[in-house]
Amino acid sequence: MTQREMNCPLLAEDTADVLLDYSAGRLDKTRSVRLLRHMETCGACAAFLTEQTALWSALDEWEPEPVSMDFNRRLWQGIDRIAGAPWYRRLADALRVGAWKPAIPLTAAVLIVAAGFIMDHQGTVPFTTSAAGGNGVSVMEVDQVEQTLDDVQLLKQFDSIVTEAGGSTRM
Amino acid sequence: MLRVRDGDEDSFRVLLDKHRNPLIHFLYRMVQNQPVSEELAQEVFLRIYRSRTSYEPTARFTTWMFRIATHLALNWLRDEKNERAQERLDEDRGSDLPARELPDRKPSVEQRMVYQARLQEIRDAIAVLPEKQRAAVLMHKYQEMEYAQIAVALECSESAVKSLLFRAYETLRARLAHMAGRRMPA
């Protein structure tokens, strides 16, 4: 887009704001001049602007309702109720409106540090379980027992082979 | 708001007086029910008061206020999406058109009927917009908020806001095109 030329604002939804702003009277003078120059040759933009301006005036006709006379009085009654509430109620309200939100990053940081500490020290601290009656059997001990059982099984098989071989020789 | 945070209750009164009407008008156009809009506005101000001590000026006060208001209005609209609520809303619409909105010169019965019909069309056209589009249009048109402020209030990007507005106005132009050029009866 140069100083003199303007790409058609209707080419994309997020550039049509130029037309919306113009019809709302919120477009700065420089861009207004460029838009007007563009509309001299762009019928689509000119039609858009005519319709949008008409819509803008139609929406102006919708006046809001007057506010109740006792609005402030009711609000201050509500505020007095808050002020007079017990501390646990005020705490619950504070948590409900999001006062706890700043604590989220702090909690996350603490959890990350704690997780890192645990992972870092996992290799040096022997893992124990209290499942076996609270005696604390280490992983290493379990491995040794399994290894021993395997060895016993192997010896039994070897023994039976030797016994069978000895019997057949005697026959 | 910073003074309110520091315990200055008079400043809260100033905030209330300054922002009460724009807030209620926004909520009224969102939910199209005056008593409900005032109840929601009460809740907005109570929330502001309750969280005053933790207020951080990360955005303009009005943006923060409209963010709370939009949340409450959207929640209310979602909760009220049943037939019973719709019937109640229709009744309120019928009774919400006070004579004081009309000009001082006494209009004829016909003029009043035309006036009410036009208003009803505008209300209906706004009411059928998807909730986020509706909120975006009301903040843009009636509260004259900037795209960046609307984006913060709706928790989306500026580009998304422009897109919401483009589509919303497109729908409104189509629905209200026949009103172009015809003014309200004076």
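Provide the FRET efficiency to the nearest 0.05 for the B:Ser11-A:Arg74 pair, computing r from the beta carbons and using R0 = 30 Å.
That pair, B:Ser11 with A:Arg74, gives E of 0.90.
Between A:Tyr88 and B:Glu144, what FRET efficiency follows from the Cβ-Cβ distance if R0 is 25 Å, with the result rounded to 0.05?
E between A:Tyr88 and B:Glu144, to the nearest 0.05, is 0.05.
Going highest first, how would you order A:78-85, A:20-27, A:143-150 by mean Cβ packing within 10 Å?
Peptide ranking by packing, descending: A:20-27, A:78-85, A:143-150.
From other protein chains only, count the Cβ atoms within 10 Å of every residue's Cβ in A:66-78, then give the mean.
Details: counts 7, 10, 4, 0, 1, 8, 5, 0, 3, 11, 5, 1, 5.
Across the residues of A:66-78, the mean count of other-chain Cβ atoms within 10 Å is 5.
Multiply the residue separation of A:Phe158 and A:Asp143 by 0.36 nm, subtract the distance between their alpha-carbon atoms, and state the gained length in nm to one decimal. Please report the intermediate quantities before stating the final value.
Numbers: separation 15, 0.36 × 15 = 5.40 nm, distance 2.26 nm.
Full-extension gain reported as 3.1 nm.
At A:Leu106 and A:Ala46, where each label point lies 7 Å from the Cα along Cα→Cβ, what is the point-to-point distance in nanometres?
6.4 nm
Mind jotting down the three principal axis lengths of region A:13-61 based on Cα atoms? Whole angstrom, largest first.
If we take the Cα atoms of region A:13-61, the spans are 31, 22, 19 Å.
Please find the FRET efficiency linking B:Gln120 to B:Arg60, where r is the Cβ-Cβ separation and R0 is fixed at 56 Å, and quote it to the nearest 0.05.
0.95
Taking both sides together, what accessible area is buried at the A/B interface, probe 1.4 Å, expressed in Å² and rounded to the nearest 100?
Roughly 4600 Å² of accessible surface disappears when A and B pair.
Measure up B:Lys18/B:Lys141; A:Lys29/B:Lys141; B:Lys81/B:Lys132; A:Lys29/B:Lys162 against 24 Å on the Cα-Cα distance and list the ones that go over.
Too far apart for the 24 Å limit: no listed pair.
The values are calculated or read from the model by the stated rules, or taken from the named source; none is laboratory data. As the structure is a prediction and not an experimental result, all values here were calculated from the model. Note: ideal-geometry Cβ built from the backbone for every residue, glycine included; neighbour counts use all protein chains shown. Please note that ligands, DNA and RNA were not included when accessible areas were found on the heavy atoms of the full protein model with its side chains. Shrake-Rupley method; radii C 1.70, N 1.55, O 1.52, S 1.80 Å.
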